[in-house]
Amino acid sequence: MIEEELRERFGTVVPPASRLRVDELVAGGRRSARRRRAFRVAGGAALAAGVLVAVPSFVRSGRGEPDPQVAAAGAIVRCEAAKLPVPAGLTQVELKAVDPTGRYVVGNDVHVSTKLTPEGKLDGIGTSHPVLWTGGSPTALPLAGKKAVYAAGVNASGTVVASGGDDKTWDSVIRYTAGVPTELRLPAGDWEIHMFPSINAAGDVVATVGPVGGPLFGGTTLLWKAGTTDATVLPLPEGGETQQLRDDGRIFGFRVSGAKGESSWVWDQRGAGTELKAPAGQTALLSAARGDYATGTLSPSGAVGLWNVRTGAFDQVPITAPVAGVNDKGWMIIDSAVYRADTDVTLAAVDGVTGTARDLSDTGTVIGTAGTNVPVQWSCAS
């Protein structure tokens, strides 16, 4: 999700699409994103965060047992903060994602469009310039001839995947290898990107695209293997949209299917899938995934769900708030704060300002913002 997966001013946390609007906050990481598939470049507004309150134990290891790395009940983890420097000339940088090791971070310098439609709404995708931090040192990535490029993800090798666009439409997928951009080929025709593209450890990239002006949901799912620019079409079910490419090649995503509404799934590359089950009367709205874990909100309750797709275990967190991230230990970012089982987590303030979390690594590195446009990295390992 999506989301994520620019949350507030990007409104549709799903990425690109010329008809996507950017004026709604994504509930549960993705729902409002799907109402329109066009997103305008804009910065995310900070959500409240602070000292986290311990919640009933819900984080489990990959074996479905309590995570041995989680501190005993009542423990407090203080996450020390460090500001991330910003390249000269970039003034509205917001962090988007951190790789599983915590070494690489991507963000974007985002400026909303000032154009208006005849109805008085914002028009156009504005501008976006991607930034990659390596061990805390920033590099402004080249725009590859595009008006706007939005970095969506980075893997443990520092390979970045992004969406690119001009004027109104996000119409390209770009992979940066060692900082060098390569535009990945789309099938013949005029296409727009539905959801932010995703990258896995190998450097494979997946995205769902559709014809400009076509249906809001579903489309053509494309896979670009590492080192290639030609796409393979994956046979996902009708109405399927991709969100996260796993290292084993499986795909987290969602499906919109007529009267059944939307549901969240894990598919293999042949299109065979397993639905993420929710409690009776609820629907799973997936927003983030990593390793064996997927997380999102339940509709209509708004509670947070955590799925282990390997063991089939499901845990419901008694919190009603947006969820934005998860790592391979099952730690989550809920309402811009880090939640761990039986542990209070404090994100250290920066210059007296409380931080808000955006993503987290498997090693306990958390990225986010303190105040307005101050990129921050916290170390939450214990």
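Taken residue by residue, the range 326-339 has no member that is part of a loop (DSSP other than H, G, I, E, B), modelled with pLDDT under 90, over 18 Å from the mean Cα position of the chain (by Cα) and under 25 Å from Gln92 (Cβ atoms). Annotation: of all residues in the range 225-254 being of a type in the set (D, E, K, R) and closer than 28 Å to Val160 by Cβ, the one that is surrounded by the fewest Cβ atoms within 10 Å (Cβ to Cβ) is Asp230.
Here's the yes/no breakdown for (1) out of contact with any strand residue (DSSP E or B) (no Cβ under 9 Å at 6 or more places or on another chain); (2) modelled with pLDDT of 95 or more; (3) assigned to a strand (DSSP E or B):
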site	(1), (2), (3)
Thr139	no, yes, yes
Gly145	no, no, no
Ala156	no, yes, no
Tyr176	no, yes, yes
Glu183	no, yes, yes
Ala188	yes, no, no
Glu192	no, no, yes
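For the range 101-117, taking the residues that are of a type in the set (Ser, Thr, Tyr) and crowded, with 18+ Cβ neighbours inside 10 Å, the one that is modelled with the lowest pLDDT is identified as Ser113.
Of the residues making up the range 278-301, one or more are at negative phi, touching a helix residue (DSSP H, G or I) at 6+ places or on another chain (Cβ under 9 Å) and either basic (Lys, Arg) or surrounded by fewer than 19 Cβ atoms within 10 Å (Cβ to Cβ) (or both).
With respect to Thr356, determine if the residue is at pLDDT below 95 and under 23 Å from Phe196 (Cα atoms).
Details: at pLDDT below 95: yes; under 23 Å from Phe196 (Cα atoms): yes.
Answer is yes for this residue.
The values are calculated or read from the model by the stated rules, or taken from the named source; none is laboratory data. Remember, it's a predicted structure, so these values are computed and weren't measured experimentally. Counting neighbours? That spans all protein chains shown, and the Cβs are built from the backbone with ideal geometry, glycine included.
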